[in-house]
Amino acid sequence: MKKGLIFGLCLFLGACSRQPPVPEDLFYRLPAPQAVTRLHSPIVEKLVWVNILESDGLHRERAIVFTNDSQGIRLQQHHYHFWMEPPPRLLQRQLVRYLRAVDFSPMVLSENRVAPDGVVIAGRILRFERELVGDSTQAVVGLELRFSRGRDAPLLIREYEALVPSEKSLSNSVLAFEVALSRIFADFVGDVRKTLSAGGQASG
């Protein structure tokens, strides 16, 4: 009886020892904006404050989000794959890097502040996930961005979306996220310039 128990215990322990190791957590950061075209002159001469983006639910967390249905209704989180920072701060800093790279203003700061003599850029994350449908993979980014002077009502409020195909690896998807964000930021900068050229009238 005892021999049988010992034999069974050995088999159990042997099976446990053959279990595959738990994968290590991997963390990802966005590369610096690549497709950058410098402006001939700054659009805004005042200080620009870029706020942390607003977000809800999964987009507040560092786990990379994905969807495997074409409508993007069902969302899941990748196990073991995380952003270096929560997306609201990650995208705030990426927007700051982009605005500095294009010379949007003499000084762009990544702080949540509403100053009467400065410009405030704020926004909300609408979509920020990998879309995995069939054999195709793409990065999907949707943002609402707002541009205002100090505490005044926004001069510009607009929603933007970009979809960039990528290879299946997470590293390639991260590069696709950077491309998508740069496209959105370029469109936003163009819209701000048009709004200010038109006399600062609000547009949506």
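Details
- Each of the peptides 51-57, 118-124 was scored by the mean count of other Cβ atoms within 10 Å over its residues; in descending order, highest first, they stand as 118-124, 51-57.
- Short-range pairs are left out: with C-alpha atoms under 8 Å and at least six residues apart, the relative contact order of the range 48-161 is 30 percent.
- Peptides 180-191, 161-172 ordered by average Cβ neighbours within 10 Å, highest first: 180-191, 161-172
- Positive end of the dipole of the range 112-187 (Cβ unit charges, origin at the Cα centre): among 118, 136, 155, the Cα lying farthest that way belongs to 118.
- Look at the alpha carbon pairs under 8 Å that are at least 6 residues apart: their mean separation over the length of the chain gives a relative contact order of 21 percent.
- Descending principal axes extents, the range 51-197, alpha-carbon based, whole Å: 49, 26, 25
- Dipole axis of the chain (+1 Lys, Arg; -1 Asp, Glu on Cβ), positive-most option in 27, 172, 72: 27
- Counting every other Cβ atom within 10 Å of each residue's Cβ, 110, 41, 173 order from fewest to most as 41, 110, 173.
- Among beta bridges that DSSP assigns inside the chain, antiparallel share in %, nearest 5: 70 percent
Any read-out appearing in this document is the output of simple, stated calculations on the displayed coordinates, not a laboratory observation. Nothing here was measured: the structure is a model prediction, and the numbers come from that model. No Cβ is skipped: glycine too gets one built from the backbone with ideal geometry, and neighbour counts run over all protein chains shown.
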